[in-house]
Structures are given as structure tokens and as C-alpha cells.
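The values are calculated or read from the model by the stated rules, or taken from the named source; none is laboratory data. Computed from a predicted structure; not experimentally measured. Reconstructed Cβ throughout: ideal geometry from the backbone, glycine too, with neighbour counts over all protein chains shown. Just the protein is used for accessible areas: all its heavy atoms, side chains included, with ligands, DNA and RNA removed. Shrake-Rupley method; radii C 1.70, N 1.55, O 1.52, S 1.80 Å.
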Amino acid sequence: MSQEGALTASGIGHGFAGARVLDDIEIWVPKGNVLAILGPSGRGKTTLLHILGGLLVPDAGRVERPFERPAFVFQDPLLLPWRTARGNVAFGLAGTRLARADRLARARSMLVKVGLGHSEAGLYPHQLSGGMKKRVALARALAVEPDLLLLDEAFSALDVGLSREMQQLVRLDAQERGVTVVLVTHDLSEAVRLADQAVVLSGRPGRIVARLAIERPARLRDDAFVEAEIRRIAAIETIRDAFRPTLSI
Amino acid sequence: MANNAWRRLVGGGERLWAALGLAIVVTLWEIGHRAYGDFVLPSPLSTLTALGHVAASGDLWPAVVTTARDALSGFLAATLTGSLLGGIAGRSMPVRSMLQPMATMLIGVPAIAWVVLSLLWFGGSGLAATFSVAVAVGPVVFAAATQGTRTVDGGLRTMARAFRVPLGAMIADVYLPHVLSYLLPALGTALAMSWKVAVMAELLSGAGGIGDGLAAARAEVDTAKTMAWVIVVVALLLVVDRLVIEPVRRHFETWRRGLPGEAA
Ligand SMILES: Nc1ncnc2c1ncn2[C@@H]1O[C@H](COP(=O)(O)OP(=O)(O)OP(=O)(O)O)[C@@H](O)[C@H]1O
Ligand SMILES: [Mg+2]
């Protein structure tokens, strides 16, 4: 595998207001690969994703990001409240050379792909359900035809069936165009279905406590494989430790 | 059921309620007139008659034009400068820290003091009224624009940055809609203030306008005529508010319809 065009982060450390959140993070994602970031809540997954995407400059370390068109799905959908679903997707294209009509047309067809039809396209965010907002955010990201796609729990507000469909959509799109993907998730099965490699963040400050590789090509992973793989991963000691319940109720 | 009917009455009959409010004011006015007599409070009817006389004499229209020019030019200057400086101050801490105390100081100066000062500076030219309006109203616009720009959702700004949205779209789609929700109510207040300050300046400068008419009515000790001029100012204010500010507000706030806490 060549080094060319890879997303690379080395020696990343970061803190907020004196509290260290990330420490000594090393990441290497070859072009066209999918990396999953796993870990308990509040351990810096979102922070790391923002650093990888160039939205946050880390206190320490360097990121190499040889990409032209990054796109995000944020943990909060971050839609413009004063734009309709269609307007929000088109807004992601504001930086392209497309004419306004083309932007709207592309927005509309992208919304259809995430299962939002004509009637929903004209609704404002406050008129959409949580899962619909997430799908609008996903459509906005896919519409720009990114070469780097950063997903922060993009499928978490969806029911199982829809979540599988959206994962499929992302996987096919990414494979077809050779998109490099980094996704943050709490859902091990999502990581096993989509990712080529996964890292587990844990501790305070967050460090990478485990690295996993999932060798079989994503399109060949059937339910049986996913189940077996989840069982294998869940049995790994460091990962069990990372997710051990910290609250005693 | 009863609740529904009540709501329909309130919601649907908006005009009806407005008319009722107006009728109450006129009735109280008439009662006041009967209690205190013609000199203190002329009846609504004789006020209307006085208004007719003013109109017939040909004084009304030029006065309206002059006052509108004074008030609107000052308002426009205040809106442009206030929102531009406010927008910058909202984004830059040093600029904000520098300008905010100044604005607070300017708001503290009584409007009538601005009128006196600008008469001293600009004399009887029309510029005195424009200037008084602009300095009296500008800080109000500035404060709203600053507050609006400062409170734009950081997440949305990050999102726009992530999608590498150009500056123009950033301003038009991320900043403006939010800032306007602060700015438009302030502009309504500012516009109302503009008329008042303009009339005040005209009254003292004697360079024409409704204020000048008021001064003349006072000199003639003609209460009915004074009331007639007051009605003209109020009518002007209402017309411009309904014709300019309200449609703009409506246009920019369609998205709010059905938002929790918003009346339909
Ligand atoms: N802008 C910020 N200012 C201060 N602290 C922050 C900021 N953003 C994140 N943090 C802190 O950094 C830590 C990691 O936050 P982060 O959002 O990266 O966690 P996460 O792993 O994404 O959690 P979750 O799974 O719940 O989304 C938290 O303790 C949080 O309080
Ligand atoms: Mg997070």
C-alpha cells in the first residue's frame, strides 16, 4: 500500500482549558480506506475527528491531509434553521462552481438517496425529526462528492434498517469514488461493516488503547461474518476494559 | 371546543381587535374632551377639522415630505453605519471593547441635546435634523447588530468553514438571518425614534417640516391644530412601519413559522 494520499496524524495531543483530552495519537489511513474511531463517551473522539478534518489545530503533533474536498457529518446535525432541507444540502455546495439551479437539483436528488422525498425537501429543520435531520446532514456531506469524509455518529439516530441502508449508501459511494473515510461510532457492528481498521480511544487523556484490522473486503461481509467479528473483538481484553461500566447504579 | 372558538376569534379577527383598541382610544379622547373642554383637549372631530384646514392651506404635504426626508435620511445613515460597525464589533473583541462604551455614552445623551448641538453646528440647514436623528438612533442599531453578530451559533460557523463556504455565502446564509432577528425589532424602534427626533429638530430649527408646523400651532395657541400635527406624525410612522419594516420582517422570518414558542 502506498503512502501517497494517505491521511496521517502523528504525535497528536490536545487539551481544553488545561484539561488534557488527547495524548500521543498516531493515525494512518491509506487513501480510499475507512477508519473507525471507537471509545466510551467523552474520551475525545469528536475532538480527534475535528483535528483530522482540520477544524481544530492540535496543541501538539502534525496532521497530513492531502485532500481537496473534505466533508463532515457532525454529531449535532448543524443545519441552518432558516433554510429548508434542500437549502441546507445546497449550502454545502456553495463553495463549488455549480450554478444555483444545479446545486438545488443535486441537493434534491441527494435527499432522495437518503430517503427524503419531495415533500420533506421543503421542510425547515425544526419540522424534521432527529433522524431526518441526520440524513439531511449526510446528504449535505455526500453532495459535495468529497475525497475525505468525516462522520461523527452519522447513523446513531436511525432505526436499525435505515441505519444499515445509510451505511450501505456511504460504503458504495466511498468505494466507487475512492473516498477516504473516518467515522466515529459507539456501534461495534457499524465499525465491523464499514471499516478497514479501527482504533479504540480510552482513558483520560484519551489514548489509543487498541487497534484492529478487519481484513475481509467490506462488500463481502455478511451478517454471519459481522457477528463472529463482533464476538472476536468484544473478547479482546483491552477493549473490554475500555468499555467497562464506570457508573455503578 | 370553546377554547378553539376563542383562538379562532383572536387569531382570525386581528383587524377587528385592532379596530376595537382604536375605538377605545377615541372614546376615551371624547370623554376627556367633554370633561376638560376645547382648550385642553379638542374633540376628535374638531381635530379632524383642523387637519382638514392644514391640508387645504397646502402646508401639509411639504411638511410631510420634509419630515420624511429628515427622519428617513437620518435613519438610513444610522442603519448603515450602525449595522456595519456593529457587525465588525460583534466579530472582533478589541473593536467591540472600544466601541461599546462609546455607544452606551451616546445612548445616554438626551436626544434634545443632540438637536441643540447639531443646530449649533449645522445651523438652520436640513442637515441638522438628519444629523440629530443619525446620532440619536445609530447607537441603538449598533447595539443590536453587535449582539446579533456576537451570538451567531459557533457550530454553524464551524460547519460552514468545514464545507469551505465562501465569505459571501457565509455572510448571507449564516450571519445575516441570525443577525436580522436582532436587528429588525431594533430597526422598528429606531424608525419610531427617528420621527420623534426629526420633529424635535424641526421644531427648534424652524426649517420646515411637521415640527415647524407644531411650533406655529403652539404660537397660535391652537390645540386642535397641534393635535392634528401629532396625528400626521403618528400616521406617517405607522404607514412606513407597515409598508417597509413589516414586509421585510415577514420575508426574513417565514422559516420561524411553527417553531416552538412562535405563534403561527
Ligand atoms: N470546545 C470545548 N471546550 C472545552 N472542552 C471541550 C470542548 N470540546 C470537548 N471538550 C471536552 O473534551 C472531552 C472530549 O470531548 P469529545 O466531544 O471529543 O468526546 P467524544 O468522545 O466525542 O464523546 P461522545 O461519545 O459523548 O460524543 C470532554 O471531556 C469534553 O468536555
Ligand atoms: Mg462525540
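Can you pull out every residue in the range B:124-171 that is within 10 Å of chain A (Cβ to nearest Cβ) and either of a type in the set (A, V, I, L, M) or not in a helix (DSSP H, G or I) (or both)?
Listed by number, the residues that qualify are B:D153, B:L156, B:M159, B:A160, B:A162, B:F163, B:R164, B:V165, B:P166, B:A169, B:M170.
Mind listing whichever residues of the range A:188-197 are part of a loop (DSSP other than H, G, I, E, B) and over 12 Å from the mean Cα position of the chain (by Cα)?
A:D196
Please specify each residue of the range A:165-209 satisfying the condition of being within 15 Å of ligand 1 (Cβ to nearest atom), open to solvent by less than 30 Å² (accessible area, probe 1.4 Å) and touching a helix residue (DSSP H, G or I) at 6+ places or on another chain (Cβ under 7 Å).
A:V182, A:L183, A:V184, A:T185, A:E190, A:A198, A:V200, A:L201, A:S202, listed by residue number.
Do you know which residues across the range A:32-74 are of a type in the set (V, I, T) and either away from chain B (no Cβ under 12 Å) or within 11 Å of ligand 1 (Cβ to nearest atom) (or both)?
A:V34, A:I37, A:T46, A:T47, A:I51, A:V57, A:V63, listed by residue number.
If you scan the range A:75-97, which residues turn out to be among the polar types (S, T, N, Q) and within 14 Å of ligand 1 (Cβ to nearest atom)?
Listed by number, the list holds a single entry, A:Q75.
When the residues of the range A:201-248 are filtered to those that are closer than 17 Å to A:R164 by Cα and aliphatic (A, V, I, L, M), which remaining residue is farthest from the chain's Cα centre (by Cα)?
Filtering first and then ranking leaves A:A224.
Rundown of residues vs (1) within 23 Å of A:G206 (Cβ to Cβ); (2) modelled with pLDDT of 95 or more; (3) open to solvent by less than 10 Å² (accessible area, probe 1.4 Å), yes/no style:
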{"site": "A:G11", "(1), (2), (3)": "yes, no, no"}
{"site": "A:G39", "(1), (2), (3)": "yes, no, yes"}
{"site": "A:E64", "(1), (2), (3)": "yes, no, no"}
{"site": "A:E68", "(1), (2), (3)": "no, no, no"}
{"site": "A:L79", "(1), (2), (3)": "no, yes, no"}
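Within the range A:15-54, work out how many residues are in a loop (DSSP other than H, G, I, E, B) and either within 13 Å of ligand 2 (Cβ to nearest atom) or polar (S, T, N, Q) (or both).
7
Looking only at the range A:120-136, which residues are open to solvent by less than 50 Å² (accessible area, probe 1.4 Å) and either within 17 Å of the chain's Cα centre (by Cα) or closer than 13 Å to A:A157 by Cβ (or both)?
Residues satisfying the conditions are A:L128, A:G130, A:G131, A:M132, A:K134, A:R135, A:V136.
Taking helices (runs of 4 or more DSSP H) that do not extend beyond the range B:10-97, which have at least 1 residues that are surrounded by fewer than 16 Cβ atoms within 10 Å (Cβ to Cβ) and at pLDDT below 90?
Counting at least 1 such residues, we get B:14-40.
What is the residue count in the range A:198-230 for residues that are of a type in the set (K, R) and not in a strand (DSSP E or B)?
4
Do we have B:I107 as within 24 Å of B:T130 (Cβ to Cβ), in contact with a Pro (Cβ under 9 Å, 6 or more places away or on another chain), part of a helix (DSSP H, G or I) and not hydroxyl-bearing (S, T, Y) here?
In short, yes.
Can B:A162 be described as in contact with a strand residue (DSSP E or B) (Cβ under 6 Å, 6 or more places away or on another chain) and over 30 Å from B:W61 (Cβ atoms)?
yes
Checking B:A192 against (1) open to solvent by 10 Å² or more (accessible area, probe 1.4 Å); (2) within 11 Å of chain A (Cβ to nearest Cβ), which single condition isn't satisfied?
It fails just one condition, (2).
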